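J.: Just dropping this structure here.
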Amino acid sequence: MSGSDLNSKPTQSSAIEDVGTAIRQGRESASISREELAQRLHMGCEQLEALEQGELHRLPEPVFIKAMVRRLASHLRLDADALVEQLGPLPNRPSITHTPVQALKPIADQASGPPWITLLLALMAIVGLGSWARHLLTDTTTSTSGRETPIQAAPETKVQPPRQDVPAPPAESTTTAAIVLDCSEPCWIALRRDGTVEFEGILDAPRTVENPEGVEVYPGRPDLVMLRREEEEAINLGSINDLRWYPLNPER
């Protein structure tokens, strides 16, 4: 392991703590409570608290943290570019891995016993197979002796009516219906398609997402964001603390 790997985690923790301290000092200098500032910027108070205290494990993905710092700094009249640059590279949240299920061992490998049992079973199988073959040969000879093979009549030729071509059914459209994102209050969101961020900003009016296959949304307040498809009722994305990428595909 290199020296840069050993020092990366303390550097990241120190950077997020310094930025959080600057945000907290700026808020206190403006005489704004944490709850009031969170309400003004339409974000969770728990997220603001985690940022001010530099608790990286309580914060969402880097794209959200940097956007959050930029919005807070701009609102508090701080140097937003300098604070975002001070954050540096942030680690992604660890993904959940699934441990593969080990295959069961073959029964033959699990079974064990004296070798004479195996030889006895093989001998019994050979004797039984020979007896069954002799019995089958005798039955076949008896059933075919003295019996004449009947002459089968030629099959009657049927005149098939002229074939009518049936029109093929129309092909189903492969275009996925559009999805509308709405919110009960203005809320920060990020949209990405196949891993590339397409939009990042405040959702303060209904936003239509065409062909949502492969599109994901990351809301700052999942409890405020609603998702609606054609002729369906709107559904809420999640709870206030369930911060993650939500897929917009039809299988969701």
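The values are calculated or read from the model by the stated rules, or taken from the named source; none is laboratory data. This is a predicted model, so every value here is computed, not measured. Every residue, glycine among them, receives a Cβ derived from its backbone with ideal geometry; neighbour counts consider all protein chains shown. We work out accessible area using only protein heavy atoms, side chains counted, and drop any ligands, DNA or RNA first. Shrake-Rupley method; radii C 1.70, N 1.55, O 1.52, S 1.80 Å.
J.: What pairs can you find where one residue is in the range 41-59 and over 27 Å from residue 204 (Cβ atoms), the other is open to solvent by 10 Å² or more (accessible area, probe 1.4 Å) and of a type outside the set (D, E, K, R), and their Cβ atoms are less than 7 Å apart, with a gap of 6+ or different chains?
T.: That search, which allows pairs on different chains as well, returns 54/13; 56/12; 56/13.
J.: Do we have residue 17 as within 32 Å of the chain's Cα centre (by Cα), surrounded by 13 or more Cβ atoms within 10 Å (Cβ to Cβ) and at pLDDT 90 or above here?
T.: yes
J.: Further question: Of everything in the range 210-229, what is open to solvent by 10 Å² or more (accessible area, probe 1.4 Å) and in contact with a strand residue (DSSP E or B) (Cβ under 7 Å, 6 or more places away or on another chain)? Give them in sequence order.
T.: 214, 216, 221, 223, 224, 226, 228, 229
J.: Within the range 134-144, can one find any residue that is modelled with pLDDT under 60, over 30 Å from residue 48 (Cα atoms) and small (Gly, Ala, Ser)?
T.: Yes, that holds for at least one residue.
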